[in-house]
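To start, the structure under review is shown below, and the notes come after it.
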Amino acid sequence: MRIQETFQADKTSISFEFFPPPNREALDELLLHIDDLASLEPGHISVTYGAGGTTQERTLTTIKAITARHDQPIVSHLTCVGSDLETMRRVLRELQAAGVMNILALRGDPPLHDHDWKSSGDHFQQAADLISFIRKEFPEMGVGVAGFPEGHPATPNRMQEMDYLKEKVDAGADYIVTQLFFENRDFYDFRHRCEARGIDIPIVAGILPVTSAKMLSRLSELAAGSRIPAAFSRWLDRLDDEESVARFGTHWAAEQVRELMDQGTAGIHLYTLNQSRACLRLFKNLGLSR
Ligand SMILES: Cc1cc2nc3c(=O)[nH]c(=O)nc-3n(C[C@H](O)[C@H](O)[C@H](O)COP(=O)(O)OP(=O)(O)OC[C@H]3O[C@@H](n4cnc5c(N)ncnc54)[C@H](O)[C@@H]3O)c2cc1C
C-alpha cells in the first residue's frame, strides 16, 4: 500500500519514527518498544537511514525485524548524498525485497565527524534527483519528502525554499513530513506558504515529545532549523527532575497534537527516539489508546 492512501480527509494518521540501533541487544530492546507502539495501530512506522549509506545494513536489518513481527506499513528513509546510481538501485531493490513499498526520499548531509567517509558519486545533488530516479525506476513505490516549517538552514530565503519544495512535488512526491517544531503556528504558516506555491499534497506534522533536558540540548544535532520557544524553556528551567521534564514535554506535545488534529492535519509523525513511554502517555492523554 502506498502511504498516501492512509491520509484521509476526516482522520489524522499517526506514525512513529525509529532509528536503527547499533547492535542486536539494542535492536531486541527496540522491538519491545515497537510492540507497545504497534498496539496503537499507527498508520505507518518509519526507520531512518544514515546519510551516505552509513547505516544502510542496520536500516535493512531493523526493517526486517519489524516486518517479521508486525504488519503495519513500513517507510524506509533513504538519503542520496554521495551515492552513485548503481548503489541507489541496489538499495531500493533490497528494500523492495524486504517488503518496503514506501520511501522517505532525502538528500541527507555528509557525515560531519567521519573523516573516512567518501562520496561514491555526484549524480544526486538534491532530494529531487532521488525522487525522479525512484519515479523512473521504481514507479510503484510511494514517496514522501522532508519539509521545514521554520526553514532549512542552507536556504535563508523562505520563498525560494518553497520553489525547491515544489520541485520535489513536481518530481513525484506523494506527501511531505515536516521537521519537528514546538509552535503550531510555524506549521500553519508553512502550510499557507505551500498552498500559495500550489503545493497540495498531504503535509504530515513532525512532533517530538521531549523527555529529558539532555535531549533538548541535542536538538541542533537532531533537528536542523528547529527553534525552542522561550515559553518552553522557561517552564523547563523551573523543573529539576527528569520525571517532571518528561511529563511536561509529553503534555506540550499532546496539546500540539490535539490542536493539529482539530485543525484537520493529514498526519502526525512522532519522533520516538526509540522509546515508547512518552508516545504511550501522549496517546493516553488524548484518549486515543485502544
Ligand atoms: C522528516 C525528516 C526525516 C529525516 N530523516 C533523515 C534520515 O533518515 N537520515 C538522514 O541522514 N537525514 C534525515 N533527515 C535530515 C535531512 O536529510 C537533512 O535535513 C538535509 O539537509 C535535507 O534533506 P532534504 O531531503 O530536505 O534535501 P533537499 O530537499 O535536497 O534540500 C536540501 C537543501 O538544499 C536546498 N535546495 C533544494 N533544491 C535545491 C536546488 N535545486 N538548488 C539549490 N538548493 C536547493 C533546500 O532548500 C535545502 O536547503 C530528515 C529530515 C526530516 C525533516
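Given 20 °C and 1.002 mPa s, compute D for the chain with the Stokes-Einstein relation, Rh being the Kirkwood radius over Cα pairs; round to the nearest whole µm²/s.
Details: Rh = 19.4 Å.
Taking Rh from Cα pairs, D becomes 110 µm²/s.
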For the range 176-290, average projected area of the Cα convex hull in nm²: 7.5 nm²
Largest-first principal axis extents of the Cα set of the range 1-146 (Å): 41, 38, 25
Loop-resident sites, the range 216-285, for trypsin sites (Lys or Arg not before Pro), counting at most 10 other Cβ within 10 Å (DSSP): ARG238
Simple spin-label estimate for GLU137 and LEU32 in nanometres, 7 Å along Cα-Cβ: 4.0 nm
Separation in nanometres of the label points that stand 7 Å from Cα toward Cβ, at ARG93 and SER220: 4.3 nm
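Readers should treat all values here as calculations from the given coordinates under stated rules, not as data from a laboratory. All figures in this text were calculated on a predicted structure; none of them were measured in a lab. Using ideal geometry, Cβ is built from the backbone for each residue, glycine included, and neighbour counts are taken over all protein chains shown.
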